[in-house]
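Here is the structure we will look at.
The values are calculated or read from the model by the stated rules, or taken from the named source; none is laboratory data. Note that the structure is a prediction, hence the values are computed from the model and not measured. Positions of Cβ are backbone-derived with ideal geometry, glycine not excepted, and every protein chain shown enters the neighbour counts. Protein only, heavy atoms only, side chains kept; ligands, DNA and RNA dropped before computing areas. Shrake-Rupley method; radii C 1.70, N 1.55, O 1.52, S 1.80 Å.
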Amino acid sequence: MIWPRLELKPGVIITDVGSTKQTIIDAAQPLIERGDIFIGGHPMAGSHESGIQAGRVDLFKDAYYFLIPTSGSNGVSELKDLLNGLNVNWYLIHARQHDKIVAQLSHVPHVIATALMTQSAATFKDHLELLKLAAGGFKSTTRIAKSDPTMWSAIMHNNRELIVQQLDEYLNELQSLRQAITADDQEKLFAVFSKAKADREKLDH
C-alpha cells in the first residue's frame, strides 16, 4: 500500500478497525517513520451482518477492543478518551499476538462454519429442503457463514500463516475425536465432552 503524502496536523492520531493487524502495521510504516502517531485497533464486536444497517447503539458495549501502539504510549490515552462512549474493555497487545488470538477465536471458527455449511449442502444437494430441518445447534454453529465473503477472503489472505497453524491444531483434535468414535472409546469421549462443557461454561461467567 502506498500512503498519500497527506498534510496532517501535529499530534494527529491515526487508527483503524481491521481484523488483522500485522499487515496493517507494516503498511503504516511510512506514516510511523515520518513521526505520525498510528495505533492499530480492532473491536471484537459485530455479527455476520455488514453495512451501516447492521449498526446499533450498544454494538461495542462490554466488548474487548484491541489497541496496538506503534510509538510507545503516544496517543493511547487520547484515543481511549475519544472512544470512551463505546463502553469497551481495552486490551493493549502486539500485532503478532493479536493476529494469533483472532486466528483461533475468530478466523478458524469462520472456516469451520463455512466447511460445515458446504459439507451439509453437498450431503443434501438433491434435497436441499432437508437443511430446513436443522435446529439450534446447526444454525448457531453455521451462523457466521452468512458473513461477507469479500471481507473474509481478504482476512484469510492477510492472516493465512497463523490461520493455517491453528487449523492444523484443530484438525489434529478432530482426528483424535474421530479415532475415539471409531474405537467406541466411551471413556475418552466422556472425558473430552466433559472438559469441553466445563471450558465453555466458563465463558458465561
* Contacts under 9 angstrom Cβ, first residue in the range 106-120 being without any contact (Cβ under 8 Å) to a residue 12 or more places away in the chain and among the hydroxyl-bearing types (Ser, Thr, Tyr), partner in a helix (DSSP H, G or I) and crowded, with 18+ Cβ neighbours inside 10 Å, 6 or more apart -> THR118/ALA145
* Among the numbered conditions (1) within 24 Å of the chain's Cα centre (by Cα); (2) open to solvent by 50 Å² or more (accessible area, probe 1.4 Å), tell me where THR182 comes up short. => (1)
* Structure fact -> Selection over the range 88-134 where residues are among the polar types (S, T, N, Q), closer than 23 Å to TYR64 by Cα and open to solvent by less than 90 Å² (accessible area, probe 1.4 Å) yields a count of 3
* Asked: Out of all the residues in the range 157-175, is one or more closer than 13 Å to THR20 by Cβ, under 14 Å from the mean Cα position of the chain (by Cα), of a type in the set (D, E, K, R) and in a helix (DSSP H, G or I)?
  -> yes
* **In the range 89-129, the residues that are farther than 26 Å from LEU162 by Cα and either assigned to a loop (DSSP other than H, G, I, E, B) or at pLDDT 95 or above (or both)** => SER120, ALA121, ALA122, THR123, PHE124, LYS125, ASP126, HIS127
